[in-house]
Amino acid sequence: MSAASTPLRDVEDAPPRERARPQGMALPFDVVLVLGVIGLAICSLVAIRSSTADDIAGDPRYYFNRQLIFFVVGGVLSLALIKVDYARLRPLRWWIYGFLMASIFAVKLIGATAKGSQRAIPIGPFQYQASELGKVLIVLVLAGFAADRARRLHERDTTARIMLLALVPAAFVMIQPDLGSSLVYGAISLAILFFAGTPVRHFLALIALGAVAISIVLVAAPAAGVEVLHGYQKDRLTSFLHPSADTNRAGYQQNQSLIAIGSGQKTGRGDHATQTKFNFLPEHHTDFINAVVGERYGFVGAALVLSLYALLIWRGLRILTMAKDLFGALVAGGIVAMLLFQVFVNVGMTLGIMPITGIPLPLMSYGGSSVVSTLLAIGLLQSIYVQGRSSAAMKGRIMSH
């Protein structure tokens, strides 16, 4: 009997090995997302090792070794989250919010002061920055609240409460001062509203209120003798408009960043990257790591890093569409917005088109709190992916019967 005339067998009648084959070929996580994360981790370690070899006398691998530890710890926690049903976090949203606020207050009470800012709590040889973990926690809180009010998302009261939940911790984070993280909180709240289907008129009202708030902070409050922002913060927010006007003070960092990136040209200067090697570029392993990549590895290296971020954003949006419920979709949307906003602002400030706000480049900048928090966010995305596939498979079996 020919293969064409062989009668089709029902899947239930197939041998065990034949039935298991399709499932065995499917990995229990989004492998493309994992490859993107691994790619960024490698780029981060390479850039940090090459740019900080002379920063600590007698220990050229100091920052490299610590960053490697951060990736290992974050990776383990991310793998653990894959096996957790993210839906279990929804009933815990108020406990999560309480922990977020308590952590921010704890920083103010017992946090260490560095470079004029009190942002982290010392834990042995490391530091815990509550505002970084707060970016992930606020996503869970806002997504849970919006999902609970799914039938009332068109009401102004819902929009106001979501914004208030985000702005309260953002205000306390700004006091530390950490303007960058507070802006990320705002971006996350707007993204949650967008993916929840909030009416356009609500966004127009928020834009108007935002314009009024900016006017008060930058103009009205200083005129009344109330300084909401520190002087250096205002200089950073405005210096990018005229970076060459004050190259020795407010515009120094961006000018050095532009020199570094421009000198990298197509393939980079490698070990001849003078801006990094001789410390002309401040914060080269943290806020300005993108300039390091541009100088040492040129357009090719910078394009590779941005391509990996594009891969992460694409997979995040794909996972959003696979979520089994509104809560999962909003969590995925909030995480995508968190990553996209930070990448856009950080890369923009190194290119001189965005103000310097101290926002790190996710999975690239040196820092344990940032790396671990971002990997926790990736773990949540993987959990949503796993639960979404499981739910779709269950629905398929039900329909087939």
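With respect to the conditions (1) assigned to a helix (DSSP H, G or I); (2) over 12 Å from the mean Cα position of the chain (by Cα), Gly316 falls short on a single one, namely (2). Please indicate, with yes or no, whether at least one residue in region 297-312 is hydroxyl-bearing (Ser, Thr, Tyr), more than 30 Å from Gly144 (Cβ to Cβ) and surrounded by fewer than 19 Cβ atoms within 10 Å (Cβ to Cβ). Taking every residue of region 297-312 in turn, at least one turns out to be hydroxyl-bearing (Ser, Thr, Tyr), more than 30 Å from Gly144 (Cβ to Cβ) and surrounded by fewer than 19 Cβ atoms within 10 Å (Cβ to Cβ).
Out of contact with any strand residue (DSSP E or B) (no Cβ under 9 Å at 6 or more places or on another chain), free of Cβ contacts under 8 Å to residues at least 24 places away in the same chain and not acidic (Asp, Glu): does that describe Ser307? Considered against the rule, which asks whether it is out of contact with any strand residue (DSSP E or B) (no Cβ under 9 Å at 6 or more places or on another chain), free of Cβ contacts under 8 Å to residues at least 24 places away in the same chain and not acidic (Asp, Glu), Ser307 comes out as yes. Looking only at region 270-296, which residues are in a helix (DSSP H, G or I), out of contact with any Phe, Trp or Tyr (no Cβ under 9 Å at 6 or more places or on another chain) and surrounded by fewer than 18 Cβ atoms within 10 Å (Cβ to Cβ)? Hits for region 270-296 are Asp271, His272. The lone criterion from (1) under 22 Å from the mean Cα position of the chain (by Cα); (2) in contact (Cβ under 8 Å) with a residue 24 or more places away in the chain left unmet by His154 is number (1). Taking every residue in region 195-206 that is more than 10 Å from Thr159 (Cβ to Cβ) and pairing it with any residue that is crowded, with 18+ Cβ neighbours inside 10 Å and at pLDDT below 90, at least 6 positions away or on another chain, the pairs with Cβ-Cβ distances below 8 Å are Gly197/Leu153. Tallying residues that are crowded, with 23+ Cβ neighbours inside 10 Å and either under 16 Å from Gln382 (Cβ atoms) or out of contact with any helix residue (DSSP H, G or I) (no Cβ under 9 Å at 6 or more places or on another chain) (or both) within region 337-349 yields 1.
The values are calculated or read from the model by the stated rules, or taken from the named source; none is laboratory data. As the structure is a prediction and not an experimental result, all values here were calculated from the model. Every residue, glycine among them, receives a Cβ derived from its backbone with ideal geometry; neighbour counts consider all protein chains shown.
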